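Report on the following structure.
The values are calculated or read from the model by the stated rules, or taken from the named source; none is laboratory data. In this text, all values refer to a predicted model and were calculated from it rather than measured experimentally. Methodologically, a virtual Cβ is constructed for each residue, glycine included, from the backbone with ideal geometry; neighbour enumeration extends over all protein chains shown. We work out accessible area using only protein heavy atoms, side chains counted, and drop any ligands, DNA or RNA first. Shrake-Rupley method; radii C 1.70, N 1.55, O 1.52, S 1.80 Å.
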Amino acid sequence: MNWGHSPEHSLHRRAFLHGSLAGLTTALSFGNIGISAAKPAAQSLRKRGRRVLFVWLAGGSSQFETWDPKPGRETGGPFRTIATAIPGYHVCELMPKLATMMRDITVIRSLNTGISEHEQAADLISTGRPKEAALDYPEIGVVLAKELAAKESPLPDYISFFTTTEGRRRPRAGFLGAKHAPLLLEKSIRPEHVTLADGLTETRHAEREELRALLSDRFAENRAGSEMVNGYNSAFQKVRGLMRADHLFDLNREPAAIRDRYGRTPFGEQALLARRLLEAGVPVVKVAKGFWDSHHDNFESHRELVPDFDQVLSVLLGDLKDRGLLESTLVIVLSEFGRTPVINPDVGRDHFADAWSVAMAGAGLRGGAVYGKTDADGKTVTEGRANASDLAATIYKAAGIDPRGDYQVGLRPVPRAKEDAKVIKEILA
Amino acid sequence: MSLMEMLGRTLLPRVRSHNTLEPYEHRRQRLIGWVTPIIIHSLVLSRSTPMRLASLLALLFVTTLAVGADAPMPRVVLDVDGQMERHWREASIRPSSVANGPELFRRLLLDLTGRVPTAREADTFQLNQYAATVRQLLAGPEFEWYFATVLDEIIQGRHAGNDAFVGYLRKALHDGKGWDIVFREVMLGPWDTDARKPAVGFLDKRAKDLDVLTVDVARSFFGVDISCARCHDHPLVPDWKRDHYYGMAAFLVRTTGGKGSITEKPDGEAKFAGKDGKERVAPMMFLTSKVTEPEAQAKGKTNRREALVQIAFNEQKFFSRSFVNRLWDYFFGQGLVNPVDQMHTGNVASVPALLDRIAEDFAVTGYDIRKLVSAIVSSRTYRLDNHWTDGKLPAAGHFAVTRLRPLSQRQLARSLVIVLGDGTFDGSPAHLTALDKQTTELLPALDPRTNDFQSSAREALFVSNGEAMRKLLTTGDQNLVARLAATNDDRDLLKTAIRTVFARPATASELGKLESWLKRHGGKRQEMCEDLVWSLVASAEFRFNH
């Protein structure tokens, strides 16, 4: 059906529709990237923009039981340390696999972020700014999604998983608006509303969308503010892409051996899905692993959590590297804060933001760099002190985005990273 | 309105303490202005002696009234068009023509009652009865029910949606409380009766954080964002110094409590480190730099919020302008000052004289919310068409053409339920309560209305494939799809569908095209109607206000 005002548009829509129907039966591609699991596509990816994967350890993981152990000290806890691929740098013995991969990993041990309450700290770390009553800042991931978005991509710019119950947070799009808000995967690792409703066929679904778009285009003619209709229509154009991409979320399409390597845990499955999405061209993905808030029995819980983290992250980094994706993908492991040097009477560690660590890998980074130091007991930062804004600016820089760029919010130019943020150049490639 | 009614209303004073010109005084003057010529007319023209005598007596009565009035004769209250037309002339802009009846009616209903018209309402509306329709809507229960949620968003911002607070606002609108009374009750109470108690909800949400409280009071009631001035003099706005931030905080620093109980501490000061590094105690200073001396307050008998309310009324400019601008933003998709929380000398109104004039008149009417709403929606500016074919579109700040506005989550959800339902919705309280229940599932799936609106794939996915949407389309043997499927004639079917969903008659050309679309569909009649109706409700014509 053509209302006679825009044959090109209509033709294009038909081609699109045709393609989508054909897509049901054939293997799909996005851009030039094959998405079959076995075939890495490093060459074309390298040319394309960078991607970012956030690994959020909800609740606050302990730096002592991971990246900044203090063996033999009163604050050190029961675990030993092991040597890593970087001479002289030791990590907690619970991370044997990551230890061997340290040449690909970058650690900051000198974060002092000040806030040790979950919600506020999570806001601070994920936006890289102290909260401001009047301006709703977007999360770093949302900023990256906006900046790294591929034009005309049928896929979302940001997909955020969060299926654990603890500390579930929805990334805030803030002043960047709904268009850049992530697609949330909260209830399952497949997106909501991507399958046909009961009784509807693919053809009907496509045909009614065609009618909807034509009615909308016709309505918009000569209307003041019709650019909003364009935005509305382009949101609907994503629908078919997302429905077509449904198979991306289907882990059964991965070889069993790969699924076993990642592990059939929620975190392992999220990580494997993240790789599939990054590979297919989603620029920003966030996965999460919960239950790190160890006020009681810190060592028991870390004995359980860290090996799973070690397993999954090492497999993920190895997989990304094998596929030639690691050099274009920035991987960042974040928490709200670290945990106290003092071990409390419940054999737990409490919230601690004064001296803690994060790990990163991949794009834009100097692999093997270990930045900053804490004192012998891990109570204060003694070298390379960095705050949440510095971390955010460093993330932007590593992702290839200027931290000094501005967004115009109403009348106010708002810099991407906080004005006084310092990029940690020492860890950048 | 009969003359007796008018006299009755005119002479019924409302108790008010802070207005320079009290409303009954104002009404009296207006009455004099309009009755006197009639009396003189009949005095001159009447031939019978008793009639002349009566007219003479009437003139005498009116003169006594007039002698008592010492204020100047009033101007036309709340006139939008005069200023606007002058502005267009000066800017050499020819505004668009006035919108057609169905489009205007839909716009009006969405704005005043938060939903689209039913097919029945759309059928009976007559453009020449627009003024009467506005009056009816403003007097009806649906306006109070819905418009309270609009006020809730203005006051509560991100904390909007508390049932008790919305309930308070509904009652306030029902009782005809002015914006000034609402402000006073929100800031000071008394939070004594069941009706007034929920008004504490604004302070309650913010009392534990002085910065949030200070910033939100300034934003919600005075249209300014002074948050930058907390740490330094505002870099872009010379109006806002740290003195203003801490001056405003000084009014609120003694406010304490939460969980429904707000009290005033006996002491406490807003302090900040000056440039010399020394700590300074901030005086209570309003945004206009007007200071309230502490000794002006009787010790222990009053609280600092009382001083804030008083000074806000005395320095009326911010209080009145801010609300007028917020409502303007609501009705036009952009404030006269834009953004709405940036009212300062560096960011003047796009039609400056208009905002000042309406704001003054709004204060004179006793901050009567209905009158302000009525003045806005009755104006030619509001009634302008959404189409622009005359070359380059004038900047939005000229308001020379109606712009598309996205429906809010609430407007969209309620409209979907109404048009897809069984067609019996009549705006009765029972239907309104039921509507709230039916929309709870839809609301969070839809995109919120913002000035910089962008549609998300999330909403599009929900509308395309969501189970709640499917249910709305397919459930019930009297819902829209079922009624259409039972219609034998395709043309009748299409006419009903368009009338119900778009609240307008179908055009001949679209009937023709849609008819051939139906013929090509090939599915069962029920499925065909489902697909047609989905396309209509998911189209831009339904998603936006125009």
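For the reader, a short list of remarks on this structure follows.
- Three semi-axes of the equivalent ellipsoid, chain A, Cα gyration tensor, whole Å, largest first: 41, 24, 19
- Structure note, pairs A:LYS70/A:LYS418; A:LYS373/A:LYS425; A:LYS131/A:LYS151; A:LYS422/B:LYS205: Cα-Cα distances above 27 angstrom occur for A:LYS70/A:LYS418; A:LYS131/A:LYS151; A:LYS422/B:LYS205.
- Shielding value for A:235-245 is 4, the average number of Cβ atoms from other chains within 10 Å of each residue's Cβ.
- Maximal additional length on extending the B:GLN136-B:VAL281 stretch stands at 46.9 nm, based on 0.36 nm per residue less the C-alpha distance.
- The calculated 222 nm mean residue ellipticity attributable to helices in chain A amounts to -10500 deg cm²/dmol, summing -39500 (n - 2.57) over DSSP H runs of n ≥ 4 and dividing by all residues.
- For B:HIS234, residues with placed amide H under 5 Å, excluding near neighbours: B:TRP240, B:LYS241, B:ARG242
- Along the stretch A:312-326 the Karplus relation, 6.51 cos²θ - 1.76 cosθ + 1.60 evaluated at θ = phi - 60°, assigns HN-Hα couplings of 5, 5, 5, 5, 4, 4, x, 5, 4, 5, 4, 8, x, 9, 5 Hz to successive residues, with x for each Gly and Pro.
- Whole-number accessible area per residue in Å² for the stretch B:313-363, which is evaluated in the context of all protein chains at 1.4 Å: 29
- Highest average packing first - B:454-462, B:518-526, Cβ atoms within 10 Å: B:454-462, B:518-526
- Rounded Å value of the spacing that divides the Cα centres of the stretch B:237-285 and the stretch A:90-112: 47
- Compared with the dominant principal axis of the Cα atoms in chain A, helix A:202-220 is inclined by about 80°.
- Helix axis angle, A:388-398 relative to chain A longest principal axis, alpha carbon, degrees: 60
- Positive minus negative residues near A:GLY174 (Lys, Arg vs Asp, Glu; Cβ under 9 Å): -1
- Report note on the peptides B:385-395, B:212-222, B:340-350: ranked by the mean count of other C-beta atoms within 10 Å, highest first, their order is B:212-222, B:340-350, B:385-395.
- Cα-centre dipole for chain A with unit charges at Cβ (Lys and Arg positive, Asp and Glu negative), debye to 20: 1240
- Among B:ILE358, B:ALA164, A:TYR158 - extreme Cα towards positive end, dipole of the protein assembly as shown, charges at beta-carbon: B:ILE358
- Legend: calculated FRET efficiency, B:ASP194 to A:THR265, from the Cβ-Cβ distance at R0 = 56 Å, rounded to 0.05, equals 0.60.
- Largest to smallest accessible area among B:GLU269, B:GLU264, A:GLU119 [probe 1.4 Å]: A:GLU119, B:GLU269, B:GLU264
- Considering only A:VAL107, A:GLY384, A:LEU272, and ranking their Cα positions along the charge dipole of chain A that arises from unit charges at the beta-carbon of Lys, Arg, Asp and Glu, the one farthest toward the positive end is A:LEU272.
- Virtual paramagnetic centre 7 Å along Cα→Cβ of A:LEU411, amide N under 16 Å, in the stretch B:326-357: B:326, B:335-353, B:355-356
- Per residue accessible area in Å² of chain A, where ligands, DNA and RNA are left out and the probe is 1.4 Å: 39
- Only protein atoms count toward the accessible area here, which uses a 1.4 Å probe; on the stretch B:402-546, the carbon and sulfur part of that area reaches 52 percent.
- Its Cα centre serving as origin, the protein assembly as shown has a Cβ charge dipole (Lys and Arg +1, Asp and Glu -1) of approximately 1360 debye.
- Rg to Rh quotient for the stretch B:406-545, alpha carbon positions, Kirkwood Rh: 0.96
- For the stretch B:207-314, projected area of the alpha-carbon convex hull averaged over all directions, nm²: 7.1
- Inter-chain Cβ neighbour average for residues B:386-393, partner chain, 10 Å: 3
- The stretch B:203-351 - charge dipole about Cα centre, Lys and Arg +1 at Cβ, Asp and Glu -1, debye rounded to 20: 260
- The protein assembly as shown, Cα convex hull volume normalised per residue, Å³: 205
- Inter-probe distance in nm under a simple model that places probes 7 Å from Cα toward Cβ, at A:LEU428 and A:THR195: 4.6
- Highest-first packing order for the peptide set B:248-261, B:124-137, B:529-542 is B:529-542, B:248-261, B:124-137, based on the mean count of other beta carbon atoms within 10 Å.
- Threshold 40 Å² - residues in the stretch A:406-421 whose accessible area is reduced by that much or more when the chain is no longer isolated, probe 1.4 Å: A:LEU411, A:ARG412
- Note on the stretch A:63-157: Rg/Rh from C-alpha atoms, Kirkwood Rh, equals 1.12.
- Per residue, the convex hull volume that the Cα atoms of the stretch A:95-241 enclose (Å³): 197
- Multiplying the residue separation of B:THR288 and B:GLU515 by 0.36 nm and subtracting their alpha-carbon distance yields 75.4 nm.
- Length-normalised contact order of the stretch B:207-314 in % [C-alpha pairs under 8 Å, at least 6 apart]: 22
- Accessible area that becomes buried as A packs against B, both chains, 1.4 Å probe, Å², nearest 100: 4600
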